[in-house]
Amino acid sequence: MLPVAPGPVALRKTLGIMLSYRWRLVGVLTLQVVAVLSTLVAPQLLGRLVTRVSGGTATTGYVDRVVGAIVVVTVAGAVVNRYAQMRARVLGESVFADLRERMMNRVVHLPLSAVESAGTGDLVGRTTTDISRIEFLVRTGVPQILVCVVTIVLTIVAATVSSPLLALGLLVVAPPVWGMMRWYLPVAIPTYRAGSAATARINGTVTETVEHAQTVDALALGQRRQEAVQRAVAEAWSLEHLGVWLRRRLYLVLDVAWRAPVVVILLWGAFLASRGVVGLGAITTVALYAMELRKPIGQLMFWIDLVQVAQASLSRILGVEEVAPDRVPTGQVPQGTQVRLEGVCFSYREGHEVLHDVSLDLVPGERLAVVGPSGSGKSTLGRMLAGINPPTSGTVSVGGVSLTDLSEAELRRNVALITQEHHVFSGSVADNVRLARPQADAATVTGALEAIGAMDWVRALPEGVDTLVGSGHLALSPAQAQELALARLVLLDPHTLVLDEATSLLDPRAARVLERTLSTTLAGRTVVEVAHRLYTAADADRVAVVMDGRIVELGTHDELVAAGGEYASLWRAWNQG
């Protein structure tokens, strides 16, 4: 699993985001205070009116003036409250946009090794479910919580000013609420955090099963995958059940706190009035304040629980920023284009080496084919050459500089990898290609598509390169999606390219044509092709044979066939097939 930000770290980062909006926050709070103060005037005026009426000193003109003043402050308060709510909502939208963009910026720059070890379910869960859980709170909850807190504090202050003894009745509910929260918070936050992780495991298990349905069917793994989904669902259900149990007990106490103030003030006021300590006007004023507290307390009850859910999700979202980088740029600039592996070992898991002491010098401008049986380490070697994973030991360098010393942007200017996995992003065909170089003009994009022979089917689209593809738009075939990826590679134009089964989604004849087109287009660049189709190796300048994580043979096609070793056996088996 990806890390989860500890409570103090999440709080510090959240405060950092809020401080960047401090002046807007001050403006919102000021409007909220004015809006609340306007609502506090009416109970004061009514209390004074009751005192005058009960004392027989109120005149018709006085009553009219009081009622008029109440109408004016109520209307003024409504107007100010309208603008206060609007500014608070705008602030919430800004904070949420900042948080979402901050997370996405970090996600796209995460080390691939960290993403792959965690699995897609955890990352997808954080970018979807967790974001959704805090979206409502940040956009709507933060403004509402500000209103509730300001209203409660100022109302208690106003009640205290009116009658300190009566105002004590408002505090009667504080001890049980405080005790409940001290019990609830330490239990609720870990429960909600575990629930988010369990939901992510459901997403990951279901997604992996669906995406690899053919493999599941071929290996008769359906029952095992179904059991894995059921375990994940059972875990999520038990945590959700625990969360509901916690909320029921929380709401029981808070419901009493919501209803109690008015009753307590009336009883306490009657007791004090019977002894001549307070008057009817003071009781009316403070009782009205108690009634004013019911709405913000009731709303706060609702938001308190959502805050715990959001806090758990926020810790997971901010935890993405806690992933340690797998490279530290030193600012060194490669002197040349030669890529070299020296004594490279690599393990996906500690104690299980996939590559063993591999050394290899790529000749600039050559085309090297990497072949070998499945599971021999070919793709892992390609990832080492492309700088996707840093080696466990040894070095991989370009122009004398270790790949782990290069920034991500500098690395991709030198070396790039295209795998058999294809991705079509929502947007036009041109936008998809332009991802490799955002500033590329239309002619350059068209040239990249021409270079890999994709313009025939692109021209046949309803709007050509401007046709919208991806989610919600035109669906491309796997082969077309792979050609888009290759066009991006042409546009990126690094001096060294690693193609890991990059044409595997095409039929053999189309793949053969495309590979020949690429050979012409990429002339002068160093190309490493990880391939199962051995005609690719026959066309290469050199062939590296990988067996059990080691390069066991290296030479030209003719040399290796004549040597009668592992490559010769693979070549004979290929021709016989």
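The values are calculated or read from the model by the stated rules, or taken from the named source; none is laboratory data. In this text the structure is predicted, and so the values were computed from the model without any measurement. Note that we place each Cβ from the backbone using ideal geometry, even for glycine, and neighbour counts take in every protein chain shown.
If I filter the stretch 40-57 for residues that are of a type in the set (S, T, Y) and part of a loop (DSSP other than H, G, I, E, B), do I get at least one hit? Looking through the stretch 40-57, at least one residue is of a type in the set (S, T, Y) and part of a loop (DSSP other than H, G, I, E, B). Restricting S94, S132 to those that are assigned by TED's automatic domain parsing to the domain that holds A197 and touching a residue at least 24 places away in the same chain (Cβ under 8 Å) reduces the list to S94. For the stretch 526-546, taking the residues that are closer than 15 Å to E566 by Cβ and among the β-branched types (V, I, T), the one that is nearest to the chain's Cα centre (by Cα) is identified as V546.
Identify the residue in the stretch 385-400 that is surrounded by fewer than 19 Cβ atoms within 10 Å (Cβ to Cβ) and β-branched (V, I, T) and, among all such residues, is modelled with the lowest pLDDT. Here the residue is T392. Could you tell me whether the stretch 324-338 includes any residue that is in contact with a Leu (Cβ under 6 Å, 6 or more places away or on another chain), on the phi < 0 side of the Ramachandran plot and of a type in the set (A, V, I, L, M)? There is no residue in the stretch 324-338 that is in contact with a Leu (Cβ under 6 Å, 6 or more places away or on another chain), on the phi < 0 side of the Ramachandran plot and of a type in the set (A, V, I, L, M).
Would the stretch 260-272 turn up any residue that is under 26 Å from T140 (Cβ atoms), in the same structural domain as M103 (by TED's automatic domain parsing) and assigned to a helix (DSSP H, G or I)? Yes, the conditions are met somewhere in the stretch 260-272. Condition first: of a type in the set (V, I, T), free of Cβ contacts under 8 Å to residues at least 40 places away in the same chain and part of a helix (DSSP H, G or I). Can you find one or more residues in the stretch 13-23 that meet it? So far as the stretch 13-23 goes, no, none of its residues is of a type in the set (V, I, T), free of Cβ contacts under 8 Å to residues at least 40 places away in the same chain and part of a helix (DSSP H, G or I). Identify the residue in the stretch 240-279 that is of a type in the set (D, E, K, R) and farther than 30 Å from L49 by Cβ and, among all such residues, is surrounded by the fewest Cβ atoms within 10 Å (Cβ to Cβ). Of everything passing the filter in the stretch 240-279, R248 is surrounded by the fewest Cβ atoms within 10 Å (Cβ to Cβ). Filtering the stretch 414-443 to residues that are exposed (fewer than 15 other Cβ atoms within 10 Å of the Cβ) and within 16 Å of L489 (Cβ to Cβ) leaves E421, H423, F425, P438. Each residue in the stretch 78-103 was checked for being out of contact with any helix residue (DSSP H, G or I) (no Cβ under 6 Å at 6 or more places or on another chain), more than 18 Å from T39 (Cβ to Cβ) and aliphatic (A, V, I, L, M), and 3 of them qualify. Here is the figure for the stretch 426-438: residues that are assigned to a loop (DSSP other than H, G, I, E, B) and over 29 Å from P329 (Cα atoms) total 1.
Among the residues of the stretch 452-502, the ones that are surrounded by 14 or more Cβ atoms within 10 Å (Cβ to Cβ), among the small types (G, A, S) and over 28 Å from the mean Cα position of the chain (by Cα) come to 6 in all. Among what's in the stretch 81-113 and is over 16 Å from D130 (Cα atoms) and touching an Asp or Glu at 6+ places or on another chain (Cβ under 7 Å), pick the residue that is surrounded by the most Cβ atoms within 10 Å (Cβ to Cβ). Selected residue: P111. Do you know which residues across the stretch 165-214 are more than 27 Å from L11 (Cβ to Cβ), of a type in the set (G, A, S) and either surrounded by 14 or more Cβ atoms within 10 Å (Cβ to Cβ) or in contact (Cβ under 8 Å) with a residue 24 or more places away in the chain (or both)? Matches in the stretch 165-214: A167, G169, G204. On the stretch given as the stretch 359-406, residues that are closer than 14 Å to V498 by Cα, small (G, A, S) and assigned to a strand (DSSP E or B) total 1.
Residues of the stretch 463-500 that are under 20 Å from G365 (Cα atoms) and acidic (D, E): D493, D500.
Conditions: (1) at pLDDT below 80; (2) within 30 Å of the chain's Cα centre (by Cα); (3) of a type outside the set (K, R). P190 meets all but one. Number of the miss? Failed condition: (1). Of the residues that make up the stretch 277-296, is at least one more than 28 Å from the chain's Cα centre (by Cα) and not assigned by TED's automatic domain parsing to the domain that holds E240? Scanning the stretch 277-296 turns up no residue that is more than 28 Å from the chain's Cα centre (by Cα) and not assigned by TED's automatic domain parsing to the domain that holds E240. Residues that are among the aromatic types (F, W, Y): list the helices (runs of 4 or more DSSP H) wholly contained in the stretch 113-223 that include at least 2 such residues. The qualifying helices (runs of 4 or more DSSP H) are 174-211. When the stretch 414-423 is filtered for residues that are at pLDDT 85 or above and not in a strand (DSSP E or B), only N414 remains. When G61 is tested against the conditions (1) farther than 22 Å from T284 by Cβ; (2) surrounded by fewer than 13 Cβ atoms within 10 Å (Cβ to Cβ), the lone failure is (1). So is N105 in the same structural domain as A42 (by TED's automatic domain parsing), more than 30 Å from L239 (Cβ to Cβ) and without any contact (Cβ under 8 Å) to a residue 12 or more places away in the chain or not? Yes, satisfied.
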